[in-house]
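Let me begin by presenting the structure, written as structure tokens, before commenting on it.
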Amino acid sequence: MSTDCKPIYLDYHSTTPVDKRVAEKIMQYMITDFGNPGSVTHSYSQDAQKAIDEAKKNIQNLLNAESSKVIFTSGATESLNLAIIGTVTRDCSKKHKIAVLPVEHKAVLDTCKTLEKKNLIETIFLDIDSKGRLDLDSLEKACQQDLSLICVMMANNEIGNIYPIKKVCEIANKYNVPVLCDATQGTGKVNIEFNNWGLTYMTISAHKMYGPKGSGALIIKKGAKLSPMLCGGGQQEGLRPGTLNVSGIVGLGECCKIAKEEMEEDNKRIKENRDFLLNKLIENFPHLIINGDIENKLCGNISVSFPSLQNQDIISSVRDKIAISTGSACSSGFENASHVLTAMKLPNDTIFSTLRICVGKYTTQSDVEKAAEALINAIKGLYLKKVS
Ligand code: PLP
């Protein structure tokens, strides 16, 4: 992936390059098979509809979500909004209670905040520990409060924690509470059993799994009901009207198909490269802090803090050589403390010295060797400056 002129890309939580095979499929459905699946009078539309159906199958197949409804959207943000707002507006006769993990993406937290400001919901924050792990007892307690929805993500986009969704569903299902799982970071990386676990809603996004930006889906358990956020031409059973983004949907489907076939192999290589880089950092800086649950992490994730340094200084020193970040894409660039690390109650020194690095399927051994060297030199230089 790396070239001589571009920095080595190690920010796969933010977005991923499009797999060439996916790009070729997208091109086909932009240039040759460009029909509108809604215009039922000719073969252009029928071909487009066939492609949509195939994409749906590929998604259901990857998520083990046969017979679920797949609603195509512009990405995970829209899917999460639809699931949360659609739950609330389906029944406007009461103030809803929604339980969330405090380390959810802002697409969940800010949606809840907005609804709370309008006095439509009460948000209940589930407990986590300093590693960001969910306290299942707090979930059980929350379930006893007549919840309308529980939001627990599959995997976190900063610390990489993988959450025990099967257990979450076991508890929620005892109390008949629907579960929304934001699987944006987990899709194509961890095994997901939508049906067997008893999930109600799940969101996915193509650009986190080597597909195009602006294409995602909301997976809905058969029989679960939401109100739409948009009005329009009645597409997708009226739940998300608007002409379907056929090429984007085909791209998403292709990503799922490839992930189903190649995920295991990719994960092995990603983990080896991640471990190489992490071990090099530990060897050189034994005092570094590893954030999150190291036992249950996405295989490409590194979230590490270098006490008494500023993460922005480290990033500036290596900017020409490697592309890494401090936190989620939407918040990086701002000086605000990461809401994830804050919710874990980490000290400010840890929060502001945290780097988020993510290895992906196109990262090579040579990439991680060069990245390790660049980081080690930069961090050593910054510590030396501190003492001199
Ligand atoms: N949820 C998580 C965990 C994410 O990491 C992101 C993107 O960073 C989103 C939701 C939003 O996804 P999208 O860019 O598809 O709207």
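The values are calculated or read from the model by the stated rules, or taken from the named source; none is laboratory data. What you see is a predicted model, and the numbers here were worked out from it, not measured in a lab. Note that each Cβ is placed from the backbone with ideal geometry, even for glycine, and that neighbours are counted across all protein chains shown.
State yes or no: is THR364 free of Cβ contacts under 8 Å to residues at least 12 places away in the same chain and farther than 15 Å from PRO307 by Cα? No: the conditions fail for THR364.
Listed by position, the strands (runs of 3 or more DSSP E) enclosed by segment 42-132 that each have at least 1 residues that are more than 16 Å from the ligand (Cβ to nearest atom) and crowded, with 23+ Cβ neighbours inside 10 Å are 96-100, 121-125. Among the residues of segment 188-217, those that are more than 11 Å from the ligand (Cβ to nearest atom) and not in a loop (DSSP other than H, G, I, E, B) comprise PHE194, ASN195, ASN196, TRP197, TYR201, MET202.
The set of residues from segment 222-241 being part of a loop (DSSP other than H, G, I, E, B) and either within 14 Å of SER79 (Cβ to Cβ) or among the β-branched types (Val, Ile, Thr) (or both) comprises ALA224, LEU226, PRO228, MET229, LEU230, LEU239, ARG240.
Residue check, LYS25 against (1) within 27 Å of SER227 (Cα to Cα); (2) in contact (Cβ under 8 Å) with a residue 60 or more places away in the chain; (3) surrounded by 15 or more Cβ atoms within 10 Å (Cβ to Cβ), all met but one. Which one? Of (1) within 27 Å of SER227 (Cα to Cα); (2) in contact (Cβ under 8 Å) with a residue 60 or more places away in the chain; (3) surrounded by 15 or more Cβ atoms within 10 Å (Cβ to Cβ), only one is false for LYS25: (1). Tell me, please, whether a residue that is over 16 Å from the mean Cα position of the chain (by Cα), at pLDDT 95 or above and away from the ligand (no atom under 12 Å from the Cβ) can be found in segment 155-167. Checked segment 155-167: at least one residue is over 16 Å from the mean Cα position of the chain (by Cα), at pLDDT 95 or above and away from the ligand (no atom under 12 Å from the Cβ). Within the option set ARG269, ARG319, being modelled with pLDDT of 95 or more, charged (D, E, K, R) and within 25 Å of ASN161 (Cα to Cα) holds for one residue only, ARG269. Within segment 300-308, is even one residue of a type outside the set (Phe, Trp, Tyr) and more than 23 Å from SER130 (Cα to Cα)? Checked against the condition, which is being of a type outside the set (Phe, Trp, Tyr) and more than 23 Å from SER130 (Cα to Cα), segment 300-308 yields no hits at all.
In the set (1) farther than 16 Å from MET229 by Cβ; (2) touching a strand residue (DSSP E or B) at 6+ places or on another chain (Cβ under 6 Å), CYS112 fails one condition alone, (1). Scanning segment 173-187 for residues that are buried (at least 18 other Cβ atoms within 10 Å of the Cβ) and either free of Cβ contacts under 8 Å to residues at least 24 places away in the same chain or within 13 Å of the ligand (Cβ to nearest atom) (or both) returns LEU180, CYS181, ASP182, ALA183, THR184, GLN185, GLY186, THR187.
Taking ILE249 as the residue in question, decide whether it is more than 16 Å from the ligand (Cβ to nearest atom) and not in a strand (DSSP E or B). In short, no.
The single condition among (1) at pLDDT 95 or above; (2) more than 16 Å from the ligand (Cβ to nearest atom) that GLY233 does not satisfy is (1).
Filtering segment 146-176 to residues that are among the aliphatic types (A, V, I, L, M) and within 18 Å of LEU218 (Cα to Cα) leaves LEU149, ILE150, VAL152, MET153, MET154, ALA155, ILE165.
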